[in-house]
Amino acid sequence: PYMVAAVLSCCAGQERGGKVKPITREDLSLTFENLKTTASHLADVFIESKININAEEYVNGLNPNLMEVVYEWCKGVPFSECCELTEAFEGQIIRTLRRIHEMLKELIFAATCIGNTELKEKFEETSNKLKRGIVFAASLYL
């Protein structure tokens, strides 16, 4: 479940700008390279299907800057320690975690629709690991 959330962080609509930091964990680095390769193949399919897309922009739109933060958050690391892993603002981290949670709800629904209970359970487990602590408090002004 940790890696699922980390991968989703790459396409969770994070704010652009700033430089992409190198990924320090080898497993996350390999996963991100696989994600970029898959995105490149998907872009090729779009182009073959006459869907107007800029393949380079599509692949470069994946942002790995919060992969490690999201991975560690799902493992149960406190928010303050997760914040130390990145230069991103706390608000950006919270928005990204909430976006990932919304994406997971959609993926759970999709897995249910196609009848893939194993995939649904994996997404539910990831969602349960992600949704905890102050990030999902009803109000941050408690």
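For residues in the stretch 1-27 being under 11 Å from LEU66 (Cα atoms), part of a loop (DSSP other than H, G, I, E, B) and open to solvent by less than 60 Å² (accessible area, probe 1.4 Å), which is modelled with the highest pLDDT? So, considering only residues that are under 11 Å from LEU66 (Cα atoms), part of a loop (DSSP other than H, G, I, E, B) and open to solvent by less than 60 Å² (accessible area, probe 1.4 Å), the one modelled with the highest pLDDT is CYS10.
In the stretch 29-44, the residues that are within 15 Å of ALA55 (Cβ to Cβ) form Cβ pairs under 6 Å with partners that are hydroxyl-bearing (Ser, Thr, Tyr) and surrounded by fewer than 18 Cβ atoms within 10 Å (Cβ to Cβ), at six or more places apart or across chains, as follows: ALA43/TYR58. Every test in (1) under 16 Å from MET3 (Cα atoms); (2) among the hydrophobic types (A, V, I, L, M, F, W, C); (3) open to solvent by less than 40 Å² (accessible area, probe 1.4 Å) is passed by LEU119 save one, and that test is (3).
Condition check ((1) over 20 Å from PRO1 (Cβ atoms); (2) open to solvent by 70 Å² or more (accessible area, probe 1.4 Å)) across all residues:
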site	(1), (2)
SER29	no, no
THR38	no, yes
VAL69	no, no
LYS75	no, yes
GLU84	yes, yes
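Considering (1) at pLDDT 95 or above; (2) surrounded by 13 or more Cβ atoms within 10 Å (Cβ to Cβ), the lone condition that ILE53 does not fulfil carries the number (1).
Remark: ILE53 matches the filter, which requires a residue to be of a type outside the set (Asp, Glu), without any contact (Cβ under 8 Å) to a residue 60 or more places away in the chain and more than 15 Å from ALA5 (Cβ to Cβ). Scanning the stretch 89-131 for residues that are in a loop (DSSP other than H, G, I, E, B) and in contact (Cβ under 8 Å) with a residue 24 or more places away in the chain yields one hit, LYS131. Within the stretch 47-75, restricting attention to residues that are among the β-branched types (Val, Ile, Thr) and not in a helix (DSSP H, G or I), the residue that is nearest to LYS131 (Cα to Cα) is ILE53. For THR96, the test of being out of contact with any His (no Cβ under 8 Å at 6 or more places or on another chain), open to solvent by 50 Å² or more (accessible area, probe 1.4 Å) and of a type in the set (Val, Ile, Thr) is failed. Residues of the stretch 75-95 that are at pLDDT below 95 and among the β-branched types (Val, Ile, Thr): THR86, ILE93, ILE94.
The values are calculated or read from the model by the stated rules, or taken from the named source; none is laboratory data. Nothing here was measured: the structure is a model prediction, and the numbers come from that model. For neighbour counting, all protein chains shown are included, and Cβ atoms are generated from backbone atoms with ideal geometry for every residue, glycine included. Remember, those area values only see protein heavy atoms, side chains included, never the ligands or the DNA or RNA. Shrake-Rupley method; radii C 1.70, N 1.55, O 1.52, S 1.80 Å.
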